[in-house]
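The values are calculated or read from the model by the stated rules, or taken from the named source; none is laboratory data. No experiment lies behind these values; they were computed from the predicted model shown. With ideal geometry, Cβ positions are generated from the backbone for all residues, glycine too; neighbour counts draw on all protein chains shown. In case anyone asks, the SASA skips ligands and DNA or RNA and just uses the protein heavy atoms, side chains included. Shrake-Rupley method; radii C 1.70, N 1.55, O 1.52, S 1.80 Å.
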Amino acid sequence: VFHGLILARRAVGRETRYEVEVKARYRQRFPLVSREYLWVPNTCGCPALSQGGEYLLMARRHVNHEHTLNRILLQDGGYARPWTPREA
């Protein structure tokens, strides 16, 4: 769970890649750096994230079996909602 600012959005195949500035980390099961890419499958029922918007995001680290792919993935089981100062 982290607070992120959406810097850019790009469609890549059947997914959308967001460049995110990590503002705060709330629950950290894996390390985050100040800038991350957040991947969202186009089949996800997640709300579209707006460039310049700040969100509270719950995502998971996805590593494939070959350990060649290591990324942050927002799935249907996660959530993304607009961030407010009250969240802090």
Under the Karplus relation 6.51 cos²θ - 1.76 cosθ + 1.60, θ = phi - 60°, what is the ordered set of whole-Hz ³J(HN,Hα) values for the stretch 49-65, x standing for Gly and Pro? 9, 8, 4, x, x, 10, 9, 9, 10, 10, 10, 10, 7, 10, 10, 6, 5
Ratio for the chain, C-alpha Rg to 2.2 N^0.38 Å, reads 1.02
Looking at the chain as a GNM with Cα springs under 10 Å, which of Gly45, Gly13, Gly78 has the largest mean-square fluctuation? Gly13
Sorted by chain and number, the residues with a modelled amide H under 5 Å from that of Tyr79, at a separation of 5 or more or across chains, are Met58
Under a 1.4 Å probe, counting only protein heavy atoms, Glu36 has an accessible area in Å², nearest 10, of 30 Å²
Dipole size in debye (nearest 20) for the chain around its Cα centre, Lys and Arg Cβ +1, Asp and Glu Cβ -1? 120 debye
